[in-house]
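One structure is given here, and the rest of the page talks about it.
The values are calculated or read from the model by the stated rules, or taken from the named source; none is laboratory data. This one's a predicted model, so the numbers in the text were calculated from it and none came from an experiment. Positions of Cβ are backbone-derived with ideal geometry, glycine not excepted, and every protein chain shown enters the neighbour counts. Ligands, DNA and RNA are stripped out before the accessible areas are found, and what is left, the full protein with its side chains, is counted by its heavy atoms. Shrake-Rupley method; radii C 1.70, N 1.55, O 1.52, S 1.80 Å.
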Amino acid sequence: MPAGPRKRYGRNIVGERVREARHFRSPALTQDQLSGKLAKEGLQLDRVAIAKIETGIRCAFDFEVRALAKVLHVDANWLLGIDTSRQTARKAG
C-alpha cells in the first residue's frame, strides 16, 4: 500500500459543491477571498483548510457548512447534496 494522502471518496460531499459555488460567483472567489469572507462571519478557515475541504481531505463541520452557504449565497442543503437542483444557477455577486 503506497504511503501518502489519499482522497476519501464519499466522505466529503460538500467540497465539490464549495468549489463549484466559489467558481460560479461573478467574479469567481479565490480560496483566500472565501477565507476572508468567512472570517467576517466569525469563522476562521484559512486557505489550506478550504483546499482540504474541496479536495476531500478534510470534512466540514455543520457550523462551517452553514457559514459557507451564507457566504457563497447557496442553500446548505445544496452544499450537502440533499437538494440537487441547480442552486448556483443564479449568479451571486
Quiz item: Among (1) assigned to a helix (DSSP H, G or I); (2) over 22 Å from ILE82 (Cβ atoms); (3) open to solvent by less than 60 Å² (accessible area, probe 1.4 Å), where does ALA67 come up short?
Solution: (2)
Self-check item: Filter result (open to solvent by 20 Å² or more (accessible area, probe 1.4 Å) and not in a helix (DSSP H, G or I)) within region 29-42
Solution: THR30, GLU41, GLY42
Quiz prompt | Residues satisfying the stated conditions in region 70-82, i.e. free of Cβ contacts under 8 Å to residues at least 60 places away in the same chain and either hydroxyl-bearing (Ser, Thr, Tyr) or surrounded by 14 or more Cβ atoms within 10 Å (Cβ to Cβ) (or both) | solution = LYS70, VAL71, LEU72, HIS73, VAL74, ASP75, ALA76, ASN77
Quiz item: Of the residues in region 13-28, how many are surrounded by 20 or more Cβ atoms within 10 Å (Cβ to Cβ) and either modelled with pLDDT under 95 or more than 13 Å from LYS70 (Cα to Cα) (or both)?
Solution: 3
